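Q: Below are the structure tokens for one structure; questions will follow.
The values are calculated or read from the model by the stated rules, or taken from the named source; none is laboratory data. None of the values given here were measured: they were computed from a predicted structure. Neighbour counts are summed over all protein chains in view; Cβ atoms, including those assigned to glycine, are modelled from backbone coordinates with ideal geometry. Heads up: the accessible areas ignore ligands, DNA and RNA and are worked out on the full protein's heavy atoms, side chains in. Shrake-Rupley method; radii C 1.70, N 1.55, O 1.52, S 1.80 Å.
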Amino acid sequence: MRSFGKYISKFLARFTAMILILFFFNIAAFGWTFFEIISKDYGDISPKNMLDKLETAVSVNGITDESAKQLESDNIWAVYTDICGKVIWTLNAPSEIPKQFTVQDIAVISKGYLADHPVFIRNTTDGMLMLGYPKDSYTKLTSNYFSLHSIERIPFFIVSILVFDFAILFLAYFFSKRKILKNTEPIIDSIEALENGEPISVSVRGELSAVANSVNKVSLILSKQNQARANWISGVSHDIRTPLSMVMGYADRIAHEKNVDADIRKEAEIIAQQGAKIKELVQDLNLVSRLEYEMQPLNKAPIRPAALIRSYAAELLNTGLSDSYSVDIEITPAAETVIFDCDERLISRAINNLVQNSIRHNPKGCNIILRLDCTAETIELTVSDNGVGITEEKLKELKEKPHYMESTDDRSDLRHGLGLNIVRQITEAHNGTMQLTSAKHSGTSVKLIFPNNK
Amino acid sequence: MDNSFLHTKKLLLVDDEPELLKMVSSTLSDNGFENIITAASVKDAIDAVQDKKPDLTVLDVMLPDGDGFYLMQKIRCITDIPVIFLTAKDEGNDKLAGLGLGADDYISKPFLPQELVLRIYAVLRRCYKEDSPMINLESSMIDFSRAEVHKDGEIIPLTAMEMTILETLAHNEGRIVTVDVLCERLWGSNPFGYGNSLNAHIRRIREKIEKDASYPVSLITIKGLGYKLITRK
């Protein structure tokens, strides 16, 4: 799965931060809501504070006026008994108050209510003070006991419930994330394929289907544009042919016209030669563009590459190769009978480009070796020479720098010919690879390695 | 190579570009061709084939009233003359279509007129053999009509296989013919493993035509490729 760890760490950090923020927000909201109540509940009139304050203000003789006033204003009643439970005095107490509290009464009241009033008790030196708060002002826990065992388990419980909660949250996050990734992955893959200029068609269901459809549309538009571009190049190269034929034809005629001045004949010769160069360029351009946009239909047929190489070499020698060049054929016995399913014209074209490169770069002559070898998996076709070779920088440049057609760099030193580029494209169209090796003064060797499909 | 015996052949050029027709026909006449006729459409071309009976025709693929392939089929209904296609498309399919229909050669625009001239010679030579089927070699003479070699006043007969080899080499005299082509000519389309047999035939031919078969000067080996026949004018 595509860089899943990265997604997890990045989004998980945000997710955790969000949970923490939420947690603190909850505490703040809780504090804000309950601040008043808490301050009141634990303020001056709370049972504990009131009892503390009254402890010194009451005795068997009664209560100070000041304290009585405060109790009245807070709507609290008071009862004072001696140590035997006999009521000594009362303050605003309800009428249900008995004259004498029994031990049972005290036991109930100390934990609970008296006539529905929550009651709070404080023992003094000579008796007991009982404060009755208004009905429904406090609730008392009448069964406030827990086993020590349960209390001991509380920290463990809290920690495990937190861990459990986080695990659940993480899983929920993980699955939702995975679902998104699962849907986005084909889309990302196809966008990457688009970058490489391959036509794509992606199908995704769910909320991302709209994105997938857009990507498909882009691909369609791109391939239409590629088609248009290839057609355009093909059209231009087609239209240029007839006029170029005329230019070359007449220039050639003038060059061979005996009644014409020698200088003019020479110039006409140059026009014809340059015309031939334009012709090659136009043909190359058309082929490159069709290979580039994968519109060159491969006319594959099983052939013997050994025969192809011999026939090419014979043709090369028959058309009159200068004596400073020699051509050697090396075909291993195993390669002699091997069958290669290929487009014969294109393979022949690739060999020709390599041989012509050797000839062009070695004007003083060289020995060219055409070698065919094969293993169980590969068919290897090597064109090598013992010529001037290529410098290391130039070799690096040839290997790394894209051809100028693919490059946006305008510097002319990057513009090596279409020749090697065509060889590479033809090789790749046959699922092969090209290896270029060379060193200054020790020749150049280009090896084309094709799969041997038997 | 002497091609002058071909100059009397009548050539029909078909192209919709009058300028191109003019250029090609003047180049051809510069090269010695005496009978050149031109046509600019399918209809004119068919009329010309019927009325003037050319010996070879050069066809453009794209014509105003039809394409060259259609025209070739029409011509083939009338006569069996060789056809060379001239076209502004250079890639695969056209070539296959052209040769599949039985075209004899194919040349793509733009072309050097000399290239066309050479192709026309080659096709004419192939289709209209020289009237005298004799070939002079360094130390002998081959009479193809009788399948014989004349050497030192002696007459040596040639076998069918040897004739096939020599005819193939003689058609391409001065040019290398690969072992693959020779084997295919002798043993058909799947010529694997006949290398040794071919060697044996070549050796026997040399014994018949060379002064010293160990040092051949007429039928020479091109290492790794094939053989070449050197003739003497």
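Q: Give me the helices (runs of 4 or more DSSP H) completely within the stretch A:1-118, filtered to those with at least 3 residues that are within 60 Å of the chain's Cα centre (by Cα) and under 30 Å from A:ASN183 (Cβ atoms), ordered by residue number.
A: Because the criterion is at least 3 residues that are within 60 Å of the chain's Cα centre (by Cα) and under 30 Å from A:ASN183 (Cβ atoms), the helices (runs of 4 or more DSSP H) in the stretch A:1-118 that meet it are A:4-41.
Q: Quick check, is A:ILE264 more than 10 Å from chain B (Cβ to nearest Cβ), farther than 30 Å from A:PHE450 by Cβ and surrounded by fewer than 15 Cβ atoms within 10 Å (Cβ to Cβ)?
A: yes
Q: Which condition number does A:ASP341 fail, the rest of (1) surrounded by fewer than 20 Cβ atoms within 10 Å (Cβ to Cβ); (2) within 11 Å of chain B (Cβ to nearest Cβ); (3) within 46 Å of the chain's Cα centre (by Cα); (4) under 19 Å from A:VAL423 (Cα atoms) being met?
A: Result: A:ASP341 fails condition (2) only.
Q: Then there is this: Taking the stretch A:229-262 as the search range and keeping residues that are modelled with pLDDT under 85 and among the small types (Gly, Ala, Ser), which one is nearest to A:VAL282 (Cα to Cα)?
A: Restricting to residues being modelled with pLDDT under 85 and among the small types (Gly, Ala, Ser), the top hit is A:SER237.
Q: Going by the conditions given, is A:GLU330 open to solvent by 40 Å² or more (accessible area, probe 1.4 Å), over 26 Å from A:VAL288 (Cα atoms), modelled with pLDDT of 90 or more and within 11 Å of chain B (Cβ to nearest Cβ)?
A: yes
Q: In the list B:LEU20, B:LEU6, B:LEU12, which residue meets the criterion of being out of contact with any Lys or Arg (no Cβ under 8 Å at 6 or more places or on another chain) and of a type outside the set (Val, Ile, Thr)?
A: B:LEU20
Q: Please list, ordered by residue number, the strands (runs of 3 or more DSSP E) wholly in the stretch A:374-454 having 2 or more residues that are modelled with pLDDT of 85 or more and open to solvent by 60 Å² or more (accessible area, probe 1.4 Å).
A: The qualifying strands (runs of 3 or more DSSP E) are A:433-438.
Q: Name the pairs: first residue in the stretch B:8-25 and under 13 Å from A:MET246 (Cα atoms) and within 13 Å of chain A (Cβ to nearest Cβ), second residue open to solvent by 10 Å² or more (accessible area, probe 1.4 Å) and polar (S, T, N, Q), Cβ to Cβ under 7 Å, at least 6 apart or on different chains?
A: B:GLU17/A:THR242; B:LEU20/A:THR242; B:LEU21/B:THR38; B:SER25/B:THR38
Q: Of the residues that make up the stretch A:124-145, is at least one over 42 Å from the mean Cα position of the chain (by Cα), assigned to a helix (DSSP H, G or I) and of a type in the set (Asp, Glu)?
A: No, the stretch A:124-145 contains no residue that is over 42 Å from the mean Cα position of the chain (by Cα), assigned to a helix (DSSP H, G or I) and of a type in the set (Asp, Glu).
Q: Can you tell me which residues in the stretch A:219-235 are more than 32 Å from the chain's Cα centre (by Cα) and surrounded by 14 or more Cβ atoms within 10 Å (Cβ to Cβ)?
A: Those that are more than 32 Å from the chain's Cα centre (by Cα) and surrounded by 14 or more Cβ atoms within 10 Å (Cβ to Cβ): A:ALA230, A:ASN231, A:ILE233, A:SER234.
Q: Checking the conditions here, which among B:ILE202, B:ILE222 is surrounded by 14 or more Cβ atoms within 10 Å (Cβ to Cβ), of a type in the set (A, V, I, L, M, F, W, C) and within 13 Å of another protein chain (Cβ to nearest Cβ)?
A: B:ILE222
Q: Cβ-Cβ distance below 7 Å, separation of 6 or more or different chains: which pairs start in the stretch B:105-122 with a residue that is more than 8 Å from chain A (Cβ to nearest Cβ) and end on one that is open to solvent by 50 Å² or more (accessible area, probe 1.4 Å) and of a type in the set (Asp, Glu)?
A: Within 7 Å, the pairs are B:ILE107/B:GLU115.
Q: Could you check, for the stretch A:246-254, whether at least one of its residues is exposed (fewer than 15 other Cβ atoms within 10 Å of the Cβ) and either in a helix (DSSP H, G or I) or in contact with a strand residue (DSSP E or B) (Cβ under 8 Å, 6 or more places away or on another chain) (or both)?
A: no
Q: Does A:ALA307 meet the test of being open to solvent by less than 40 Å² (accessible area, probe 1.4 Å), over 24 Å from B:THR221 (Cβ atoms), without any contact (Cβ under 8 Å) to a residue 40 or more places away in the chain and within 12 Å of another protein chain (Cβ to nearest Cβ)?
A: no
Q: Test B:LYS211 against the stated conditions and say whether it is within 21 Å of A:VAL327 (Cα to Cα) and open to solvent by 40 Å² or more (accessible area, probe 1.4 Å).
A: It is false that B:LYS211 is within 21 Å of A:VAL327 (Cα to Cα) and open to solvent by 40 Å² or more (accessible area, probe 1.4 Å).
Q: Testing A:THR56 on (1) out of contact with any strand residue (DSSP E or B) (no Cβ under 9 Å at 6 or more places or on another chain); (2) under 17 Å from A:SER137 (Cα atoms), one condition comes back false. Which one is that?
A: Single failed check for A:THR56: (2).
Q: Would a scan of the stretch B:207-229 turn up a residue that is among the charged types (D, E, K, R), assigned to a helix (DSSP H, G or I), over 25 Å from A:ARG304 (Cβ atoms) and not assigned by TED's automatic domain parsing to the domain that holds B:VAL123?
A: yes
Q: Can you find a residue that is touching a residue at least 12 places away in the same chain (Cβ under 8 Å), open to solvent by 60 Å² or more (accessible area, probe 1.4 Å) and farther than 23 Å from B:ASP80 by Cα anywhere in the stretch B:55-66?
A: Yes - at least one qualifying residue is present in the stretch B:55-66.
Q: Sticking with this structure for a sec: Name the one entry in A:GLN274, A:GLN283 that is more than 11 Å from every other protein chain (Cβ to nearest Cβ) and either part of a helix (DSSP H, G or I) or touching a Ser or Thr at 6+ places or on another chain (Cβ under 7 Å) (or both).
A: Being more than 11 Å from every other protein chain (Cβ to nearest Cβ) and either part of a helix (DSSP H, G or I) or touching a Ser or Thr at 6+ places or on another chain (Cβ under 7 Å) (or both) holds for just one of A:GLN274, A:GLN283, which is A:GLN274.
Q: Can you name the number of the only condition in (1) within 12 Å of chain B (Cβ to nearest Cβ); (2) assigned to a helix (DSSP H, G or I); (3) touching a residue at least 12 places away in the same chain (Cβ under 8 Å) that A:LEU298 fails?
A: A:LEU298 satisfies all of (1) within 12 Å of chain B (Cβ to nearest Cβ); (2) assigned to a helix (DSSP H, G or I); (3) touching a residue at least 12 places away in the same chain (Cβ under 8 Å) except (2).
Q: Quick test of your reading of the structure: B:ALA200 fulfils all but one of (1) modelled with pLDDT of 90 or more; (2) not in a helix (DSSP H, G or I). Name the failing condition by number.
A: Of everything listed in (1) modelled with pLDDT of 90 or more; (2) not in a helix (DSSP H, G or I), B:ALA200 misses just condition (2).
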